[in-house]
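What follows is calculated from the coordinates using simple rules that are stated; it is not laboratory data. Owing to the predicted nature of the structure, the values given are computational and were not obtained by experimental measurement. Glycine gets a Cβ as well: all are built from the backbone with ideal geometry, and neighbour counts include every protein chain shown.
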2 protein chains.
Amino acid sequence: MTDHLSPALKTALAYHDAWTGKDFERAMTYIADDIVCDAPAGRIEGSAAYRAFMGPFVQMLISAEMIAAFGDDETALVMYGTETVLVKHAPGAECVTVKDGRITYSRFLFDRTPFEAARQAGHLASGQPGRQPAT
Amino acid sequence: MTDHLSPALKTALAYHDAWTGKDFERAMTYIADDIVCDAPAGRIEGSAAYRAFMGPFVQMLISAEMIAAFGDDETALVMYGTETVLVKHAPGAECVTVKDGRITYSRFLFDRTPFEAARQAGHLASGQPGRQPAT
């Protein structure tokens, strides 16, 4: 599926490869300064806010596998699985708009429920609320 | 994006149009009897179980809009927004495998958190646990 390397998909895959390879600084080079990201918890605006959203997730990432990736000139849609320190099976999906090789808009989807459950369990076990990184 | 009507995408869109148009029986004609669906709460096996998973969601659906849809011969990937009785903004993504015009496998992704919050609020308000349909 990933051989249809349209311009948007090329950028989306380069971004994906960078963050799943834990090279978060390289990943951020594909993020527009004025990115808007609609994530499960609400809208994130600007690359600094996006960094604060995505960085802690990358830190707790153990592994990732691409499930499907498609795109055309301006839009790419990917779904992937991840394993993280908090949650063993945590799939995600992103629909991104790409302009000039950077992601300017992202619709970001994942299930928050297991992360919240893991954090609550962690808090109960450790007695240290806030110890786990936020996604 | 939806003009790339590969075989898998054609089926995925016909299924999507049917359930978002509240013609759930027509939607089910695109679901293989032995469908396997990996949903946020776990694996669903067989069309009867899939009906029990998806039917209540369709019943509480108010509106839906396709965000992006792509596919090739065997795989389609869609992301859409929905508005439901319980949750105003509830995007979903599905990566489906299609064989002979029917969906045989689905990786189904949505954020359970707002649905659980709405149900808890509903239960507190109504005092009738279980009144809200399950997704």
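Quick notes on this one:
- For B:Asp72, nonlocal amide neighbours, meaning residues 5 or more places apart or on other chains whose placed amide H falls under 5 Å from its own, are B:Ala8, B:Leu9.
- Within the listed set A:Thr11, A:Thr20, A:Thr97, the Gaussian network model of chain A (springs between alpha-carbon atoms below 10 Å) gives the highest mean-square fluctuation for A:Thr20.
- With its label point put 7 Å out from Cα toward Cβ, B:Gly101 sits 4.7 nm from the same residue's point in the other copies, in order from shortest.
- Contour minus Cα-Cα distance for A:Leu5 and A:Asp34 (0.36 nm per residue): 8.0 nm
- With its label point put 7 Å out from Cα toward Cβ, B:Gly21 sits 4.6 nm from the same residue's point in the other copies, in order from shortest.
- The protein assembly as shown shape via C-alpha gyration tensor axes, a/c threshold 1.5: oblate
- Residue by residue, segment A:76-82 carries 3J(HN,Hα) couplings of 10, 10, 10, 10, 8, x, 9 Hz when phi is fed to the Karplus relation 6.51 cos²θ - 1.76 cosθ + 1.60 (θ = phi - 60°); x denotes Gly or Pro.
- A:Ile35 long-range amide H proximity, modeled H, under 5 Å: A:Gly46, A:Ser47
- Only helices enter this figure: runs of n ≥ 4 DSSP H residues, each worth -39500 (n - 2.57), summed and divided by the residues of chain A, yield -10500 deg cm²/dmol at 222 nm to the nearest 500.
- Under 9 Å, Cβ to Cβ, from B:Arg112 - net charge with Lys/Arg +1 and Asp/Glu -1: -2
- Length added when fully stretched, B:Glu45-B:Gln59, from 0.36 nm per residue minus Cα-Cα: 2.9 nm
- Across chain A, Cα pairs under 8 Å and at least six residues apart give a relative contact order of 26 percent.
- Prolate/oblate/rounded call for segment A:40-111, Cα gyration tensor, a/c under 1.5 rounded: oblate
- By definition, a body whose alpha carbon gyration tensor gives a ≥ b ≥ c is oblate when a/c is 1.5 or more and a/b is not larger than b/c, and segment A:1-88 fits this oblate description.
- The stretch between B:Asp73 and B:Asp17, if pulled fully straight at 0.36 nm per residue, gains 18.2 nm over its current Cα-Cα span.
- In this structure the amide hydrogen of A:Arg112, modeled in the peptide plane, comes within under 5 Å of the amide hydrogens of B:Arg112, B:Thr113, none closer than 5 places in sequence on its chain.
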